[in-house]
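To start, the structure under review is shown below, and the notes come after it.
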Ligand code: SF4
Ligand SMILES: [Zn+2]
């Protein structure tokens, strides 16, 4: 990590200052009745192309974001600033159901952990999943590892009435140093692997998010980090989703970006990561990437001319699980600049 502060202390103090600035004031009852967002998106379910319904509930949000937070995460801005009551969560779900079109894949997130009882009480978890019982085939949610156990996954499955329950964990990287110094996560990779085991024990399917290019890594280091993470994480998870960093408001990466110290990853880096990572996976592990803000200067991007076609190819590879065609994309002159910048990064003096 050529740009990493020596001890990680400087990175942590920036993270703490940024975390303190973004915490919203406690929300009113009117705020608490509104979910953050919902939309429908393309997905695949056992090889079949389907639509997925995505709902973001407004809760108190991630406790770690209040303490220090991860360097790329601005979700705290979408929180209520206090715990939502069970009645408020039920009302958010009722409102969301008005726009549910029977999508077979349902993804319900909070801006934190669905299994943290301070965010979603156990009774509310049942209310949320029961709303889709008999209507959806798969229910996906996300949590930090410390909140998930075989029992709460098993209960969710029961309430869902036999449908599939998928639990995502924001592993981000299998390299402990990257997690601690660049992402600023609270737990080492081993705790995520252990949580994945508990998800399986409860009858669920574990999924991991992998972060492409946290701050303080060069473009090349970021590619190598995620390629290795695909191989190692596939031993523990059924699905791996590569999330290239996009700039969220009030985050350390945005702070660095504004000072010219960070560029979101190149799409060519994501392509290389998928092409090299895919053949190294444990057989049967699904690998996907549906980048947020792709082709936008605040997200994963190339020259902005070739971005749309490269993003379309990545989406197709994610849906079909055929990654070889990504190695034969039509070239673009910006690939030279991508390579050249990596060469320059390689010449930068080591910091710390
Ligand atoms: S990335 Fe996850 S663990 Fe980190 S601050 Fe955001 S919600 Fe919390
Ligand atoms: Zn280009």
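The values are calculated or read from the model by the stated rules, or taken from the named source; none is laboratory data. Here the structure is a predicted model, which means the values were calculated and not measured. All Cβ positions, glycine included, derive from the backbone under ideal geometry; neighbour counts span all protein chains shown.
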(request) Go through segment 35-65 and count every residue that is part of a loop (DSSP other than H, G, I, E, B), away from ligand 1 (no atom under 16 Å from the Cβ) and surrounded by 16 or more Cβ atoms within 10 Å (Cβ to Cβ). (result) 1
(message) Among the residues in segment 70-77, are any assigned to a loop (DSSP other than H, G, I, E, B), crowded, with 23+ Cβ neighbours inside 10 Å and over 18 Å from the mean Cα position of the chain (by Cα)?
(response) no
(message) Among (1) assigned to a helix (DSSP H, G or I); (2) touching a residue at least 40 places away in the same chain (Cβ under 8 Å); (3) within 17 Å of the chain's Cα centre (by Cα), there is one condition residue 209 misses while meeting the rest; what is its number?
(response) (1)
(message) So in segment 326-350, with the set limited to residues that are touching a helix residue (DSSP H, G or I) at 6+ places or on another chain (Cβ under 7 Å) and at pLDDT 95 or above, which one is farthest from ligand 2 (Cβ to nearest atom)?
(response) 327
(request) Go through segment 89-119 and count every residue that is within 16 Å of ligand 1 (Cβ to nearest atom) and under 14 Å from residue 136 (Cα atoms). (result) 2
(request) Check residue 6 against each of (1) outside any loop (DSSP other than H, G, I, E, B); (2) surrounded by fewer than 21 Cβ atoms within 10 Å (Cβ to Cβ); (3) at pLDDT below 95 and name the one condition it does not meet. (result) (1)
(request) Give me a count of the residues in segment 285-323 that are within 16 Å of ligand 2 (Cβ to nearest atom), in contact (Cβ under 8 Å) with a residue 12 or more places away in the chain and in a loop (DSSP other than H, G, I, E, B). (result) 12
(request) Please find, among 282, 276, the residue that is part of a helix (DSSP H, G or I), away from ligand 2 (no atom under 14 Å from the Cβ) and touching a residue at least 24 places away in the same chain (Cβ under 8 Å). (result) 276
